[in-house]
Structures are given as structure tokens and as C-alpha cells.
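Reviewing the structure listed below.
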Amino acid sequence: MTDPTAGFSDLSPLELAVGAPLGAASAAPEPALAPGRSLPEALADALVPALARPPALVAFSGGRDSSLLLAAAVDAARRHGLPAPIAVTYRNAAAPAAEESRWQELVLAHLGVDDWVRIDGGEELDFLGPVAESARARHGVLYPPNGHFVARVSEPARGGTLILGIGGDELLGSWRWTRRADQLARRARPSLGG
């Protein structure tokens, strides 16, 4: 097996500390939302620089946030004539309750995504597992605490780009119909209170 933290060597000390690449310093940020532009358009357009460095993989669990990110990447690639993004999913055999292949397949079919990399694993991503310990020994303590997860899903993106969302659950979790959507998707049990 290759060194699971090898991709971290390209990160700056600051990027290592925050556990994520921060982008090129020379790239001038565009306005967050220009007049007449929708939020989905702004998100899709923000992904264009990453999609322009193929292979562009999108970390995809099948949840709301990763599905939104993948949909935006697909839209941007199609609108700008760029190579289609590739979905990459880490499947943990040690957590069978987290199995969501059928739901993931539905999302991918709806988006028309043909390339899907599935990485099967188990307990190696535990906070004290071999991947985390290798990253800690090489770089020190990383933030966020699950930053070592990136090592496994970034391997297929070597030479390209890995797109992943941070904070999507917090952003989308406050939607007032979230519980109802979870019930309809059989991710939560109905309750008397709604």
C-alpha cells in the first residue's frame, strides 16, 4: 500500500494546519453573488477552476451537501465544456448502517454521472487508526480532527483536483423540512411531533 499521507506533501504549513488546501494566492476572488446571479450559478462557477484541473473528483457520500456539490460541478462542467467530474465515495465496511449505495446510485443516475470511484475500507480511518497516525507522525496534529480522511479519497485525484465540502451539514441541516425529507428517504423514523 502506498503512503496514505503522500498527497499532503503538496500542502503549505497553513493548509496542513487547517486540514484543507486554501487555493492559489494569485487567484483574485470574485464577488460572492453578483446581481442577477443565482446561488446555484455562483456555486457552479466557483467550481470551474477546480474542474479545469482534471481529473476533478468530488467527495460524494450521497448526502444533501455532497449531492449539491456534485450537481453544481456537473452543471459547471457541462456549461463550460470541461471534463465531467468523477464521484469518489469512501465506504466503511465497519459501519453497515452507513450503507447508502442505492441512494447514491439514484443521485448519480439523476445527474448523469458515469464515473464513480468507490473506495472500500474499514477501521483504518479511526481517529487513532493507521491513516490518522501516519498523518500525525508526518505533519503533527491536523484540523479538523477527521482531516486524515482526505488522504484516502484524494489518492485517485493525484495530479488533478479533489473537491469536498466542509460545513454543508450545518448549512443545510437547518432547513425546516429536513426531518420530513429524512423520514421520506427512510433515514429517520416518523414521530408524533412531525
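The values are calculated or read from the model by the stated rules, or taken from the named source; none is laboratory data. Because the structure is a prediction, the values reported are computed rather than measured. Because the Cβ atoms are built from the backbone with ideal geometry, glycine has one as well, and the counts that use them run over all protein chains shown. These accessible areas exclude ligands, DNA and RNA; they are computed on the full protein's heavy atoms, side chains included. Shrake-Rupley method; radii C 1.70, N 1.55, O 1.52, S 1.80 Å.
In terms of the Cα gyration tensor, with a ≥ b ≥ c the square roots of its eigenvalues, is the stretch 69-158 rounded because a/c is under 1.5, prolate because a/b exceeds b/c, or oblate? Here the stretch 69-158 falls in the oblate category. Most tightly packed first, judged by the mean number of other beta-carbon atoms within 10 Å of their residues, the peptides 152-161, 85-94 read 85-94, 152-161.
Between W103 and V141, the contour length at 0.36 nm per residue exceeds the alpha carbon distance by 10.2 nm. Among H110, A97, N146, flag the residue with its Cα farthest along the positive direction of the charge dipole of the stretch 60-148, charges on Cβ as +1 for Lys/Arg and -1 for Asp/Glu. Towards the positive end, the residue furthest out is H110.
Quick check: at a probe of 1.4 Å, how many percent of the accessible area of the stretch 69-133 sits on carbon and sulfur atoms?
Values: 2060 of 3690 Å².
That fraction is 56 percent.
How much FRET efficiency would the formula 1/(1 + (r/R0)^6) give for D114 and R53, where r is the Cβ-Cβ distance and R0 is 22 Å, rounded to 0.05? According to the calculation, E is roughly 0.65.
What the stretch 44-174 shows is 53 Å² of accessible area per residue, with the surface traced by a 1.4 Å probe over protein heavy atoms.
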